[in-house]
Amino acid sequence: MPPAKKRPRAYDPLRTRTAVLAQFAHVRDAVAALTPEQLARPTRLGDWTVRDLAAHIAQGLGSVSRDLALPEPPGPKPATTLLEWPPAVAAVVRDPEAPAPAAAHPDILALYAEVEAAFLADVPDSSTGDRLLPTRVGSMRLADYLVTRTVELTVHTDDLNEALGLEIPYDRQALAACVRLLADTLADRAPGGSVEVRVPPFAVVQCIGGPKHTRGTPPNVVETGALTWIRLATGRTEWARALENAEVSASGERADLAELLPLMG
């Protein structure tokens, strides 16, 4: 009999909304200070420049207002749950013939102002998050979709920092939600209790079938920092490289996540 899957983690919609706005503000302020030369720099995202990445980040938050403007899908059950979102996004391949994100938005700062104003108007702090959105990977609850925005914002903040050598800050709640969703996705993909994955101080999950520990230190433990975990889960770095650079500690014969990563990318 396969291991039972745990009840999905709950996220408070108001706290998530606050985290999304805080992280977007960090990125907005950083982008506002960039020079034309910095905006033209390459990123680790294929042929995208920093300007393209900045436009994509704004478009990611703008998708909330865009989807809210569409007719609500028939409910009550969403087609895509929160834990199904990372693999669903990974399956959506970017069209190589599509124009770069910045092409349609020459004024990046105006785009950021427009997106932020629309989000504030369309997602009031009184929202329960129960409305269904017709997202590109299926209908999702607004509350769940806001959690996915913490992933988009946090991951791409790291992309900007890598491209520019900056230290754009991470909102703690946004970082926590991103780490937890990706950790829970791992546990959902490989259910079990033989390996404990720790990403302090935000998440601890058990995964991979096999003997389950009941007390004391588990025999198979993986531990890493929040940003390293995010990079592993999204394909920004490889398992072997993280081990070699001592960014991950893995003890026990089952503590090898190479075949399960990345979770999205």
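The values are calculated or read from the model by the stated rules, or taken from the named source; none is laboratory data. Computed from a prediction, not measured in an experiment: that's the story for all the values here. Using ideal geometry, Cβ is built from the backbone for each residue, glycine included, and neighbour counts are taken over all protein chains shown. In case anyone asks, the SASA skips ligands and DNA or RNA and just uses the protein heavy atoms, side chains included. Shrake-Rupley method; radii C 1.70, N 1.55, O 1.52, S 1.80 Å.
The Glu72 and Arg7 beta-carbon pair, evaluated with R₀ = 30 Å, returns a calculated FRET efficiency of approximately 0.70.
Using the Cβ-Cβ distance between Ala110 and Ala40 with R0 = 22 Å, the FRET efficiency computed as 1/(1 + (r/R0)^6) comes to roughly 0.75.
Across the stretch 220-232, rounded Karplus estimates of 3J(HN,Hα) from the backbone phi angles (6.51 cos²θ - 1.76 cosθ + 1.60, θ = phi - 60°) give 10, 10, 10, 9, 7, x, 4, 5, 5, 4, 4, 5, 5 Hz, Gly and Pro being marked x.
With Cβ to Cβ distances under 9 Å as the rule, what net charge do the other residues near Tyr11 carry (K, R +1; D, E -1)?
Working: positive: Arg9, Arg15, Arg180; negative: Asp12, Asp144.
Within the 9 Å Cβ shell, the charges total +1.
Accessible surface comparison of Asp107, Asp184, probe 1.4 Å, protein chains only, largest first: the order is Asp107, Asp184.
With contacts defined as alpha carbon pairs under 8 Å and 6 or more residues apart, what's the relative contact order of the stretch 153-265 in percent? Intermediate results must be reported in sequence, preceding the final value.
Numbers: 177 pairs, mean separation 25.1, N = 113.
After rounding, I find 22 percent.
Against the chain, whose longest principal axis comes from its Cα atoms, helix 13-32 is set at around 60 degrees.
Averaged over its residues, the stretch 6-50 has an accessible area of 58 Å² per residue, based on protein heavy atoms and a 1.4 Å probe. With N residues in the stretch 134-265, what two-decimal value do you get for its Cα radius of gyration over 2.2 N^0.38 Å? Compactness ratio reported: 1.08.
Averaging the Cα positions of each part gives two centres, and for the stretch 31-56 and the stretch 123-193 these lie 21 Å apart.
Contour minus end-to-end for Ala33 and Thr81, with contour as 0.36 nm per residue of separation and end-to-end as the Cα-Cα distance?
Values: separation 48, 0.36 × 48 = 17.28 nm, distance 3.72 nm.
Additional length available on full extension: 13.6 nm.
Please check the chain for the longest run free of GluC sites (Glu not before Pro) that are loop-located per DSSP (anything but H, G, I, E, B) and have at most 14 other Cβ atoms within 10 Å. Please report the intermediate quantities before stating the final value.
Values: sites that count: Glu97, Glu167, Glu238, Glu253, Glu259.
Excluding the exposed sites themselves, the longest stretch runs over 1-96.
Per Stokes-Einstein, at 25 °C and 0.890 mPa s, what whole-number D in µm² s⁻¹ belongs to the stretch 14-141, with the Kirkwood radius over Cα pairs as the hydrodynamic radius? Translational D for this selection: 152 µm²/s. Less than 5 angstrom separates the built amide H of Thr135 from those of Met140, all sequence-distant by 5 or more or on a different chain. At a probe radius of 1.4 angstrom, the accessible area of the stretch 110-182 per residue rounds to 36 square angstrom.
What is the percent carbon and sulfur in the accessible area of the stretch 156-240, measuring with a 1.4 Å probe over the protein chains and ignoring ligands?
48 percent
Taking every protein chain into account, the 1.4 Å probe leaves Val248 with about 10 Å² of accessible area, to the nearest ten. Of the three principal axes defined by the Cα atoms of the stretch 48-92, the extents in descending order read 40, 25, 13 Å.
Each helix, a run of at least 4 DSSP H residues, gives -39500 (n - 2.57); summed and divided by the residues of the chain, these come to -14500 deg cm²/dmol at 222 nm. The shape of the stretch 67-189 comes out rounded: with a ≥ b ≥ c from the C-alpha gyration tensor, a/c is under 1.5. Modelled label positions at Asp125 and Arg15, each set 7 Å beyond Cα in the direction of Cβ, lie 1.6 nm from each other.
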